[in-house]
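For reference, the structure discussed in these notes is given below.
The values are calculated or read from the model by the stated rules, or taken from the named source; none is laboratory data. If you're wondering where the values come from, they're calculated on a predicted model, not measured in any experiment. Because the Cβ atoms are built from the backbone with ideal geometry, glycine has one as well, and the counts that use them run over all protein chains shown. The area values use the complete protein model at the heavy-atom level, side chains included, leaving out ligands, DNA and RNA. Shrake-Rupley method; radii C 1.70, N 1.55, O 1.52, S 1.80 Å.
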Amino acid sequence: MSDPELIRYRIVAQHTGPAHPGAALLTNYAYGRSVEEAVSKARKALETPDGLYGDQGLYRVVEVVEESWESALRQQEDARRRYLTTILEAALTTVRGREVDDPDGELLSLLDDFFTRAVVFPDPHTGGVRPRPHQATFGWTSEPPGIQHASDPGRALAQFLLAYLDHHGLAVTNPRDER
């Protein structure tokens, strides 16, 4: 494609009726400056009397997705956020009313930091300090040691884990406390 302003779109069409045999979903690709232009081009190319979008109207467009490097990253991030939201909603529903009465503040803070780094905001930036081969890496490896991060979702996941362990009669112990 020679025009850098044109964007590649993936256009998914769904079969409209069971009376006609054929694939349930068909995927076509078209270039355009907008979603509307790309769909219009795909329809025009496939609009014949017995074609996809012909007189019989065998298919209807159900999804149009921009196919670019940036859109792929955005779609991955949106999917990660939807997945995280589903997990958090389930965690909050499960824990509500079953919270641990007096959680260890330091433990809760460490777990919050872990879930914030590993699940909520994995790898927010790159570069900087790299771990040595013998060091474990828990998210954000460019951060100097000792810096903790917190987030509401990270705290919710930390509380969920503590409530889950408490529900099963398990307790987290700190070996330093037993000395």
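Consider region 91-112 and keep the residues that are touching a helix residue (DSSP H, G or I) at 6+ places or on another chain (Cβ under 7 Å) and over 17 Å from Gly169 (Cα atoms). The one that is surrounded by the most Cβ atoms within 10 Å (Cβ to Cβ) is Asp112. Inspection of region 22-37 identifies at least one residue that is modelled with pLDDT of 90 or more, in a loop (DSSP other than H, G, I, E, B) and over 30 Å from Pro153 (Cα atoms). When Arg117, Arg132 are checked against the criterion of being at pLDDT below 75 and either open to solvent by less than 60 Å² (accessible area, probe 1.4 Å) or more than 14 Å from the chain's Cα centre (by Cα) (or both), a single residue qualifies: Arg132. Figure legend. Inter-residue proximity from region 161-173: first residues under 19 Å from Phe115 (Cα atoms), second residues among the β-branched types (Val, Ile, Thr) and surrounded by 10 or more Cβ atoms within 10 Å (Cβ to Cβ), beta-carbon distance below 7 Å, spacing 6+ or different chains. Indicated pairs: Leu162/Val100; Ala163/Val95; Ala163/Val100; Leu165/Val172; Asp166/Val100.
Does Ser142 fit the bill of being over 30 Å from Leu73 (Cβ atoms), open to solvent by less than 70 Å² (accessible area, probe 1.4 Å) and either in a helix (DSSP H, G or I) or modelled with pLDDT under 75 (or both)? Answer is no for this residue.
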